[in-house]
Amino acid sequence: MKRNLFLLILLALLCCFPAYSHAQLWSGIISPSRAIDWSNAGVPGGIPNRSNICATLNPGASAAQINSAIAACPSNEVVFLNAGTYNIAGVDFTQNSNVTLRGAGADQTFLVFSSSTSCNGLRADICLAGSNSSPGGEDYVANWTAGYAKGATSITLSNSVGIVAGSTLINLDQMDEASDTGNIWNCLVTGVCSNGGSGRFARGGNRSQQQQVLVTAC
């Protein structure tokens, strides 16, 4: 009888969990109009399931060997790293695109970065084409003149120099406020609304809020 009662209670508890697991953490705290829609986050269409292997490397392969294999790999194919540990100084994807670097599994292939690689004027363990831009050294600059609404997928710029649909990444940024009014929350004045001030990677030192997007049409 006690065993049956225990199973009944356990079943009742399990039935309660799904209701909690699907609840939004911000529900009832943040206005839905200010919540972020993450439904389009990640790789459009999902991570490609590529199967053709163009090169296979073994533990001990250097960063230069891995990067050379990536650069020489045909589009939509895979550079495969066998199980083991790879002590490398950075992975560079800037010389090629549509290539997958794949290991034998999260518990089998390990990348241990001894240092970072040069990445468009900065440093990074893994560098992708257009993943960085040197602060203050932008190739092209345009004013963002329209298209500020939340969720907008089309914006207007003062010029389109250097933009190529499907391959250009642009950084959208805005000026910091001199002080926080309680409505903007885009202020980094030390002692007013920030403990550390603006980061050194902000363009011009006063554009700390940025978003990087891929141009799909122009």
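The values are calculated or read from the model by the stated rules, or taken from the named source; none is laboratory data. Nothing here was measured: the structure is a model prediction, and the numbers come from that model. Note that we place each Cβ from the backbone using ideal geometry, even for glycine, and neighbour counts take in every protein chain shown.
Some observations on this one:
- Unique residue being within 30 Å of Ala152 (Cβ to Cβ) and exposed (fewer than 12 other Cβ atoms within 10 Å of the Cβ) when the list is Gly60, Gly46: Gly46
- Residues of segment 105-122 that turn out to be in a strand (DSSP E or B) and at pLDDT below 80, as a count: 4
One line per residue, one yes/no per condition, for (1) in contact with an Asp or Glu (Cβ under 8 Å, 6 or more places away or on another chain); (2) farther than 26 Å from Gln212 by Cα:
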| site | (1), (2) |
| --- | --- |
| Ser27 | no, yes |
| Pro32 | no, no |
| Ala35 | no, no |
| Asn40 | no, no |
| Val43 | no, no |
| Ala55 | no, yes |
| Gly60 | no, yes |
| Asn67 | yes, no |
| Pro74 | no, yes |
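- Among the candidates Asn58, Asn87, Asn67, Asn40, residue that is outside the structural domain of Ser167 (by TED's automatic domain parsing), under 26 Å from Ser167 (Cα atoms), touching a residue at least 24 places away in the same chain (Cβ under 8 Å) and among the polar types (S, T, N, Q): Asn67
- From the list Gly196, Gly162, Gly147, the lone residue that is over 19 Å from the mean Cα position of the chain (by Cα), at pLDDT below 80 and not aromatic (Phe, Trp, Tyr) is Gly196.
- For beta carbons closer than 7 Å, sequence separation of 6+ or different chains, a first residue in segment 101-112 that is under 17 Å from Glu77 (Cβ atoms) and a second that is at pLDDT below 95, the qualifying pairs are Leu101/Val91.
- Screening segment 51-89 for residues that are assigned to a helix (DSSP H, G or I) and among the polar types (S, T, N, Q) and picking the one that is farthest from Ala104 (Cα to Cα) gives Ser68.
- Sole residue being modelled with pLDDT of 95 or more and either farther than 19 Å from Asp125 by Cα or not in a loop (DSSP other than H, G, I, E, B) (or both), chosen from Arg3, Arg102: Arg102
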